[in-house]
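Written below as structure tokens is the structure these notes are about.
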Amino acid sequence: MNRCSTICLFDVDGTITDPRQPINPSVRSYLLNDLKKVSSVGLVSGSDISKINEQIGGLEFISQFDYVFAENGLVAFKNGVEFKKKNIINYLGEEKLQSFINFVLGYLSKIELPFKRGNFVEFRTGMINISPVGRSCSNTERVEFEKYDKVHNIRKKFIETLNNELPDIGLIYAIGGQISFDCFPVGWDKRFCLRYLEEEFNGKIHFFGDKTYVGGNDHDIFIDPRVIGHSVTDPKDTISQLNNLFFNKI
Ligand code: M1P
């Protein structure tokens, strides 16, 4: 197989790493040494580049991926060098942005949870990330919130309220991780990165993600006809599916 005729794009959390955890060096080596011999390799994550960088092990490794699409591709890197950036402020305008943030802050102030920490609204380049429990919670608290949310649907109800109360704001919402959800303009989901690949790449695009179900932040790209989608359960499953696909190992 020719490396230039295929690209494998990977979600990060839950697909090549445990949620918000550093990548296992053996998985990284598999992607950058073994897989890269037969396919171009890229990442597409809802997270911003500083979080991806931290998880992948720094620029030394980030630059070995053919593409890294942070914030769904709103901040795009090729061989470690940023080549495209899209800004949510320019797109929405200050007035809409403020009415959205004010509504969110009001809603956040009324939610009762077993515990709350800080950093509830993270403003990124191309999206806003909202965490009802707060992004400054510890790892143990992350896991506890995720369990609590599975029972009480805190994030789902928040998203339902945003859709009902701000129907014309032009934003959509996707749950990609354990404690938060991402908010971005319609069309700025993970499919956004495909426009750059279409410009420069002519081959098959494989996508691997764990949140491929409806409402998950991998769903839209997973079902996109330009892509061959693969649903995985964790990094081990990702490697096993790659072995099967590219190296005839079961
Ligand atoms: O990559 C998936 C998600 O990872 C983080 O989610 P959480 O902190 O809720 O586990 C965030 O960076 C989020 O934006 C991203 O989609």
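We did not get these values from a lab; they are worked out from the coordinates using the rules stated. In this text the structure is predicted, and so the values were computed from the model without any measurement. We place every Cβ from the backbone using ideal geometry, glycine too, and count neighbours over all the protein chains shown.
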Only one of (1) within 13 Å of the chain's Cα centre (by Cα); (2) of a type outside the set (A, V, I, L, M); (3) assigned to a loop (DSSP other than H, G, I, E, B) is not met by Asp168, so which one is it? (1)
With respect to Ser26, is the statement that it is farther than 30 Å from Thr161 by Cα, more than 13 Å from the ligand (Cβ to nearest atom) and out of contact with any Ser or Thr (no Cβ under 6 Å at 6 or more places or on another chain) true? yes
Quick check on my filter: what residues within segment 67-124 are surrounded by 13 or more Cβ atoms within 10 Å (Cβ to Cβ), out of contact with any Ser or Thr (no Cβ under 9 Å at 6 or more places or on another chain) and farther than 30 Å from Lys147 by Cα? Ala76, Lys78, Lys84, Tyr91, Leu92, Lys96, Leu97, Ser99
I need the full set of residues from segment 164-206 which are within 12 Å of the ligand (Cβ to nearest atom), closer than 27 Å to Phe115 by Cβ and of a type in the set (Asp, Glu), in order please. Asp182
Residues that are under 24 Å from Ser5 (Cα atoms), at least 1 per element: which strands (runs of 3 or more DSSP E) completely within segment 180-250 meet that? 204-209, 228-231
Selection from segment 59-115 of residues that are of a type in the set (Ser, Thr, Tyr) and in contact (Cβ under 8 Å) with a residue 12 or more places away in the chain: Ser63, Tyr67, Tyr91, Ser99, Tyr107
Set Ser63, Ser40: member being small (Gly, Ala, Ser) and touching a Gly at 6+ places or on another chain (Cβ under 7 Å): Ser63
Any pair with Cβ under 6 angstrom, 6 or more apart, that starts in segment 202-223 at a residue that is in contact (Cβ under 8 Å) with a residue 12 or more places away in the chain and ends at one that is within 13 Å of the ligand (Cβ to nearest atom) and of a type in the set (Lys, Arg): Asn217/Lys211; Asp218/Lys211; Ile221/Lys190
Give Val27, Val41 a once-over and let me know the one that is farther than 19 Å from Ser180 by Cα and outside any helix (DSSP H, G or I). Val41
When both residues are 6+ apart or on different chains and their Cβ atoms are under 7 Å apart, which pairs have a first residue that lies in segment 170-191 and is basic (Lys, Arg), and a second that is within 7 Å of the ligand (Cβ to nearest atom) and outside any strand (DSSP E or B)? Lys190/Asn217
Does Asp189 satisfy the condition of being surrounded by 14 or more Cβ atoms within 10 Å (Cβ to Cβ), touching a Lys or Arg at 6+ places or on another chain (Cβ under 9 Å) and closer than 17 Å to Phe69 by Cα? no
Among the residues of segment 8-22, which ones are more than 7 Å from the ligand (Cβ to nearest atom) and under 19 Å from Thr140 (Cα atoms)? Gly14, Thr17, Asp18, Gln21, Pro22
Any residue that is out of contact with any Gly (no Cβ under 7 Å at 6 or more places or on another chain), surrounded by 19 or more Cβ atoms within 10 Å (Cβ to Cβ) and among the charged types (D, E, K, R) - is there at least one of those in segment 223-234? no
Can you find a residue that is touching a residue at least 12 places away in the same chain (Cβ under 8 Å), in a helix (DSSP H, G or I) and surrounded by 15 or more Cβ atoms within 10 Å (Cβ to Cβ) anywhere in segment 12-24? no
Residues of segment 45-66 satisfying the condition of being within 16 Å of the ligand (Cβ to nearest atom) and either farther than 22 Å from Gln21 by Cα or not in a loop (DSSP other than H, G, I, E, B) (or both): Ile49, Ser50, Lys51, Ile52, Asn53, Glu54, Gln55, Ile56, Ile62
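On the given criteria, is Asp189 closer than 30 Å to Arg226 by Cβ, among the acidic types (Asp, Glu) and touching a helix residue (DSSP H, G or I) at 6+ places or on another chain (Cβ under 8 Å)?
So Asp189 fits the description; yes.
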